[in-house]
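In what follows, a structure is listed as structure tokens, so that the remarks can point back to it.
The values are calculated or read from the model by the stated rules, or taken from the named source; none is laboratory data. The structure displayed is predicted, hence computed values, not measured ones. Cβ atoms come from the backbone with ideal geometry, glycine included; neighbour counts cover every protein chain shown.
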């Protein structure tokens, strides 16, 4: 049986691996409401909705576990001169156990008009990350005092930069995005003497995302979406979502996340309320793996503000992506 003490030990074990091995299988933060948070994984998404947009997101994973993952994110994207040249900015903070990381990325995208209702955006981004580990935390138990990668009773920081690229195709009510937001294999360990212990390495991550908006009568629209994630030496990840949009105001749906140790990683419930140019979203993940007996699920909430003058802009399918 797992308990909080076991989970804390598990976190510290992962911490030890990060400091002493090559973590080619490490995945980046995941988001249940990925269809509203595409800029995080694809710089080409910047400006694709044709309007300036500001979004704040909060995620608390595995409620009830001490030291469980917690993420705060703020993003903004907008056209610079016209719809063809756009930029995006993302700032996020992620904590798990005694680890605390800050991340900032600046994205640039350029639109290539393929037809009257189709276009291809090409995007690039530069990003920087600060990773800190607080070994002064009273919950830290040092089991091997001669480990050179564990700085006992100290706090330490590691800074790294990276770059990424992506493409984003839209055809009428359909979109398809392909991206690699982290390309360079950074060394991110804390070992003061690399000759003693191998340090960790950040592996390239690859994402594919697709979705569409299908009219279902006067008041309803069907909105399926899928996100695939791949990194070498880690299990393939897949999120599949099916939502219904009612009267251009309320969106509700369910997602399935592949992974875990059985039927999958989670089943997720999502809802988004759109009031003029303000959107409020919430998601709840029910864990399907063995961990479901030891946590109360995961919670995610977002607020999005679109800088548009008229509510009529909601008629554009891009408004819902």
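Name the residue that is surrounded by the most Cβ atoms within 10 Å (Cβ to Cβ), counting only residues in the range 98-118 that are under 16 Å from residue 157 (Cβ atoms) and touching a residue at least 60 places away in the same chain (Cβ under 8 Å). It comes out as 98. Of all residues in the range 55-87, those that are without any contact (Cβ under 8 Å) to a residue 60 or more places away in the chain and surrounded by fewer than 20 Cβ atoms within 10 Å (Cβ to Cβ) total 13.
Every residue, every condition in (1) within 22 Å of residue 61 (Cα to Cα); (2) modelled with pLDDT of 95 or more; (3) within 20 Å of the chain's Cα centre (by Cα); (4) crowded, with 16+ Cβ neighbours inside 10 Å, yes or no:
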site	(1), (2), (3), (4)
219	no, no, no, no
227	yes, yes, yes, yes
231	yes, no, yes, yes
237	yes, no, yes, yes
248	no, no, no, no
255	yes, yes, yes, yes
260	yes, no, yes, yes
276	no, no, no, no
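For the range 131-142, the condition of being at pLDDT 80 or above, in a strand (DSSP E or B) and surrounded by fewer than 16 Cβ atoms within 10 Å (Cβ to Cβ) holds for none of the residues.
Scanning the range 42-54 for residues that are surrounded by 21 or more Cβ atoms within 10 Å (Cβ to Cβ) and either modelled with pLDDT under 95 or touching a helix residue (DSSP H, G or I) at 6+ places or on another chain (Cβ under 7 Å) (or both) returns 45, 46, 47, 48, 49. Residue 213 falls short on exactly one of the conditions (1) touching a helix residue (DSSP H, G or I) at 6+ places or on another chain (Cβ under 8 Å); (2) within 16 Å of residue 281 (Cβ to Cβ), and that condition is (2).
Evaluating residue 39 against the criteria (1) modelled with pLDDT of 75 or more; (2) outside any helix (DSSP H, G or I); (3) under 19 Å from residue 106 (Cα atoms) leaves one unmet condition, (2). Against the definition (modelled with pLDDT under 90, within 19 Å of the chain's Cα centre (by Cα) and on the phi < 0 side of the Ramachandran plot), how does residue 202 come out, yes or no? Here the answer is yes, as residue 202 does meet what is asked.
Residue check: residue 149 meets all listed conditions (1) modelled with pLDDT under 90; (2) part of a strand (DSSP E or B); (3) touching a helix residue (DSSP H, G or I) at 6+ places or on another chain (Cβ under 8 Å) but one, namely (2).
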